[in-house]
Amino acid sequence: MASPAWREWRASRICVLAAERFSGCVMLMALAVAPVSAESDQGLFRGRFEIETTLENRYERLSNRDLDAATADDLTVFKPELSMDIRYRFGDRVSGFLSLDAERRFILDQGQDRSPEQDESALDLKELYLDIDDLWDRAGLRAGRQEFEDRREWLYDAELDGLRSFLELGGLVLEASATRENVVTDNLLEKREPGRVNHYFLLARFEPAAKHNVEAFYLVFDDRSDDANNPVFLGAQGHGWVTDALDYWFVLAQVRGREESTRLRGQGFDLGATYRFDTAWTPAITLGYAFGSGDSDADDGNDRNFRQTGLQDNMYRFNGVENFRYYGETLDPELSNLSIATVGFGIRPSRRSSIDLVYHRYHQAEAAEGRLRGARIRARADGESRDIGQEVDLILGYHELPQLRMRAQLGYFMPGKAFGEAPSDAYSVELGIEYTF
């Protein structure tokens with residue numbers, strides 16, 4: 001009988017070879033369908049195109065990320081971005097999609113104690129894939145660079161290269177994918193080493209009852225670099241409506257696998273609900289709580305710190321029209337060795353505008369020294385106190401004008417005892433205006 005180590009090596013080797021073949025399949029499929037457009041007459045050719053272009057301008061400022069008022073490490077940037085999405089239907093069953101972003105990043109101000117940054121330009125290949133519908137009964141295939149995004153972007157919001165299949169079985173939708181990040185560099189204006197991490201995702205979606213949705217997931221990360229970081233995520237997430245006024249969400253997850261020679265053994269969850277009052281401006285109250293386990297013993301060979309996938313964005317909305325960083329606009333941490341209690345209040349002055357005021361309270365699960373995983377704030381916790389602090393955010397969204405979206409996101413973080421005796425507050429500002437044509 002084969003040993004567990006042999007079975008694990010053999011399975012990972014098969015997956016690597018499959019991922020390498022997938023990139024070749026994408027190119028072959030593109031060559032196979034290309035002649036279709038040449039054979040079409042000009043009118044039909046134009047009718048098969050769908051094109052959407054968006055111009056967005058963003059102003060961003062992050063102040064005092066080291067929580068020390070005596071140092072100047074602020075950063076202010078302006079980012080104009082032009083994006084174009086093109087969909088072309090080759091036939092009833094085959095379509096292609098291309099998404100490109102051209103961006104310029106201007107540094108308006110940066111503190112002297114911050115590592116110098118320069119203005120930058122980027123031409124990002126966001127997506128380029130082929131869709132084949134009804135490959136066989138209720139089955140489909142997507143090949144190429146494609147976006148992986150769950151509802152609250154808690155698992156992932158990333159563009160990955162590879163194959164993805166879909167299968168409907170009654171009320172059950174199965175999805176399986178094998179991908180790698182940056183097989184071809186995302187920024188076409190610069191060279192970058194291709195990614196070395198393979199991703200194997202398996203998801204099952206179903207509705208146990210009307211207006212209730214559940215998704216089970218099993219995500220495997222196979223790091224082929226020297227880092228040998230190979231986490232496995234499994235769990236379930238869902239959302240739904242209890243009444244017409246009350247909706248909820250939940251995520252339950254475990255992380256297993258290995259990080260070099262250390263075994264990963266973490267647990268995390270995120271749950272909450274929003275209640276809407278049937279009065280003018282539809283006021284709403286949101287309560288949420290998220291927890292990621294910590295590690296009380298760093299020397300036992302097990303890392304019990306929960307961590308997210310590294311592909312997440314943690315952005316969504318409560319009852320408003322605008323998405324925001326729901327773990328804090330300024331702190332914006334990854335859910336790792338952390339508990340986050342959230343209270344939100346929002347109103348809708350009009351059908352397509354909203355104002356949200358959100359409060360967060362943060363504690364470490366286990367007092368630990370160092371930076372918070374994934375946080376925008378770079379100050380180090382001292383490992384003596386679990387009190388990370390609190391934050392208040394204000395989110396404004398206005399979408400009333402045709403094709404125009406405007407937003408403002410302001411965050412103010414007040415650090416707790418975990419950052420020493422007299423840390424300074426930090427704040428962030430983000431303004432955006434977007435026009436689609």
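The values are calculated or read from the model by the stated rules, or taken from the named source; none is laboratory data. The model shown is predicted, which means the values in this text are computed figures rather than measured ones. Here the Cβ is made from the backbone with ideal geometry for all residues, glycine too, and neighbour counts use every protein chain on show. These accessible areas exclude ligands, DNA and RNA; they are computed on the full protein's heavy atoms, side chains included. Shrake-Rupley method; radii C 1.70, N 1.55, O 1.52, S 1.80 Å.
Using the Cα atoms as the points, what is the convex hull volume per residue of the chain in Å³?
Details: hull volume 78.2 nm³, N = 437.
About 179 Å³ per residue, rounded to a whole number.
Cα centroid distance between region 76-102 and region 124-150, in Å?
14
What figure, in Å² to the nearest 10, do you get for the accessible area of S428 with a 1.4 Å probe and non-protein molecules left out?
Only protein atoms counted, so the area is about 10 Å².
Put +1 on the Cβ of each Lys and Arg and -1 on the Cβ of each Asp and Glu in the chain; which of Y289, F148, S354 then has its Cα farthest toward the positive end of the dipole?
The residue sitting most towards the positive pole is F148.
For the chain, what does the accessible surface come to per residue with a 1.4 Å probe? Please give it in Å². Don't jump to the answer; show the numbers that get you there.
Values: 22430 Å² over 437 residues.
In whole numbers, the chain has 51 Å² accessible per residue.
Find the relative contact order for region 341-437 and round it to a whole percent, using C-alpha pairs within less than 8 Å whose residues are 6+ positions apart.
Numbers: 212 pairs, mean separation 22.6, N = 97.
Once normalised by length, the contact order is 23 percent.
Going by Cα centres, region 225-264 and region 291-342 are how many Å apart?
The two parts, judged by their Cα centres, are 11 Å apart.
At 1.4 Å probe size, with the rest of the protein present, what percent of the exposed accessible area of the chain is carbon and sulfur atoms? Mind showing how you got there, number by number?
Values: 12240 of 22430 Å².
Whole-percent figure for carbon plus sulfur exposure: 55.
Helix-only mean residue ellipticity at 222 nm, the chain, DSSP H runs n ≥ 4 weighted -39,500 (n - 2.57), per residue, nearest 500. What is it? Kindly include the intermediate steps, with their values, before the conclusion.
Working: 2 runs with 42 residues, N = 437.
Using -39500 (n - 2.57) per qualifying helix, the result is -3500 deg cm²/dmol.
Find how much the distance from R256 to T243 grows on full extension, using 0.36 nm per residue of separation minus their present alpha carbon separation; answer in nm with one decimal. Walk me through the numbers on the way to the answer.
Details: separation 13, 0.36 × 13 = 4.68 nm, distance 3.63 nm.
Net length gain for the segment: 1.1 nm.
Chymotrypsin sites (Phe, Trp or Tyr not before Pro), restricted to region 98-206: which are DSSP loop and have at most 11 other Cβ atoms within 10 Å? Kindly include the intermediate steps, with their values, before the conclusion.
On the way: sites: F106, Y129, W136, F148, W154, Y156, F166, Y200, F201, F206; in loops: W154.
Taking region 98-206 and a limit of 11 other Cβ atoms within 10 Å, no loop chymotrypsin sites (Phe, Trp or Tyr not before Pro) are found.
Under a straight-distance cross-link criterion of Cα-Cα below 29 Å, which lysines are reachable from K126, leaving out those fewer than 8 residues away in the same chain?
Filter leaves K79, K191.
Quick check on packing: order 64-72, 209-217 by the mean number of other C-beta atoms within 10 Å, highest mean leading. Intermediate results must be reported in sequence, preceding the final value.
Details: 64-72: 17.0, 209-217: 14.2.
By packing density, highest mean first, the sequence is 64-72, 209-217.
Stokes-Einstein diffusion coefficient for region 241-323 at 20 °C in a medium of 1.002 mPa s, Rh from the Kirkwood formula over Cα pairs: what value in µm²/s?
140
Only four residue types carry charge here, +1 at the Cβ of Lys and Arg and -1 at the Cβ of Asp and Glu. Report the dipole size of the chain about the Cα centre in Debye, rounded to the nearest 20.
Numbers: 52 positive and 76 negative charges, 193 e Å.
Dipole size: approximately 920 debye.
Would you check the accessible area of R196, probe 1.4 Å, heavy atoms only, in square angstrom rounded to 10?
Here the accessible area works out near 120 Å².
In what sequence, highest mean first, do 74-80, 390-396, 178-184 appear when ranked by Cβ atoms within 10 angstrom? Can you show the working numbers first?
On the way: 74-80: 16.4, 390-396: 21.1, 178-184: 19.1.
In decreasing order of mean packing, 74-80, 390-396, 178-184 become 390-396, 178-184, 74-80.
In debye, nearest 20: dipole of region 335-437 around its Cα centre with unit charges on the Cβ of K, R (+) and D, E (-)?
Details: 13 positive and 13 negative charges, 82 e Å.
The dipole magnitude comes to about 400 debye.
Summing +1 for each Lys or Arg and -1 for each Asp or Glu, what net charge is found among the other residues whose Cβ lies under 14 Å from the Cβ of S95? Spell out each step's value before the answer.
Numbers: positive: R48, R87, R89, R93, R142; negative: E50, D85, D92, E127, D131, D133, D134.
Charge balance in the 14 Å sphere: -2.
Residues with beta-carbon under 12 Å from that of I395, excluding I395: net charge, scoring Lys, Arg +1 and Asp, Glu -1? Don't skip to the answer; put the middle values down first.
Values: positive: R317, R325, R407; negative: E322, E329, D356, D393, E430.
Around I395, the charge tally is -2.
Can you give the extra length, in nm with one decimal, that the chain gains between A228 and T282 once fully stretched, where that is 0.36 nm per residue apart less the Cα-Cα distance? Let's see the in-between values first.
Values: separation 54, 0.36 × 54 = 19.44 nm, distance 5.00 nm.
So the extension gain works out to 14.4 nm.
Students often forget the sequence filter, so: which lysines lie under 21 Å Cα-Cα from K211 once same-chain residues fewer than 8 apart are removed?
Of all the lysines, none pass the test against K211 - Cα under 21 Å, at least 8 places apart if same chain.
Please give the net charge around E369, taking every other residue with its beta carbon less than 10 angstrom from that of E369, where Lys and Arg add +1 and Asp and Glu add -1.
Details: positive: R371, R380; negative: D382, E384.
So the environment of E369 carries a net charge of 0.
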